[in-house]
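Take a look at the structure set out below.
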Amino acid sequence: AVALAPAIAPGSAAAPQKITAAGVGKVKLGKTFRELRDDGLLGRMRPGCPLGGPNTRSARLKAPLKGSVDLSTNQRPRRVRQITVTGGARARGVGIGSTIPQIRAAFPGARVDRDTEEVFGFTLVRIPKSGPGDRFQFAVDVDTGRTIQVGISGVAVCD
């Protein structure tokens, strides 16, 4: 008897997308919602965080990425102004699930900010600007000590 099993090529799992200060993978700050949606990178537009005002909009990232983008409120066409990554991407080998020592090893200039721990339940690890573009940040859960979110231009507190 011959057992038939689906053939799985080694390394066939999607490699994590690269996080930079400009964006993640092909999702970049400043790109329009329509161009990213047409490329199959974003889900439909939906209401955003109420803390951002009455006209805020966001959209989910599509696989292999997990997370969302916040879109501009007073500009047409709407453009990506913030990216929140919760899976499927890494920056210099660190991403969701990484610890503060791992982040500091990958980014020696990282700054740990514990001011957010009591209110939001996470420690903020800021990666300083190292060239053109905005910086990005890691949100590390206080209880588990693991990264739960990477914010490109900043960590979102509404999700």
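The values are calculated or read from the model by the stated rules, or taken from the named source; none is laboratory data. In this text the structure is predicted, and so the values were computed from the model without any measurement. Because the Cβ atoms are built from the backbone with ideal geometry, glycine has one as well, and the counts that use them run over all protein chains shown. What goes into the accessible areas is simple: the full protein's heavy atoms, side chains included, and nothing from ligands, DNA or RNA. Shrake-Rupley method; radii C 1.70, N 1.55, O 1.52, S 1.80 Å.
So here's what we get for this one:
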read-out	value
Within segment 24-91, strands (runs of 3 or more DSSP E) holding 3 or more residues that are under 13 Å from the mean Cα position of the chain (by Cα)	57-61, 66-71, 80-87, 89-91
Filter result for residue 87 (under 23 Å from residue 140 (Cβ atoms) and in contact with a Leu (Cβ under 6 Å, 6 or more places away or on another chain))	no
Any chance residue 68 is over 16 Å from residue 17 (Cα atoms), out of contact with any helix residue (DSSP H, G or I) (no Cβ under 7 Å at 6 or more places or on another chain) and open to solvent by less than 70 Å² (accessible area, probe 1.4 Å)	no
Filter pass, residue 140 being in contact (Cβ under 8 Å) with a residue 40 or more places away in the chain and within 12 Å of the chain's Cα centre (by Cα)	no
Candidates 55, 74 - the one that is under 23 Å from residue 36 (Cα atoms), out of contact with any strand residue (DSSP E or B) (no Cβ under 8 Å at 6 or more places or on another chain) and open to solvent by 80 Å² or more (accessible area, probe 1.4 Å)	74
Selection status of residue 152, surrounded by 21 or more Cβ atoms within 10 Å (Cβ to Cβ) and within 14 Å of the chain's Cα centre (by Cα)	yes
One residue from 112, 125 being in a strand (DSSP E or B), open to solvent by less than 60 Å² (accessible area, probe 1.4 Å), within 22 Å of residue 143 (Cα to Cα) and touching a residue at least 24 places away in the same chain (Cβ under 8 Å)	125
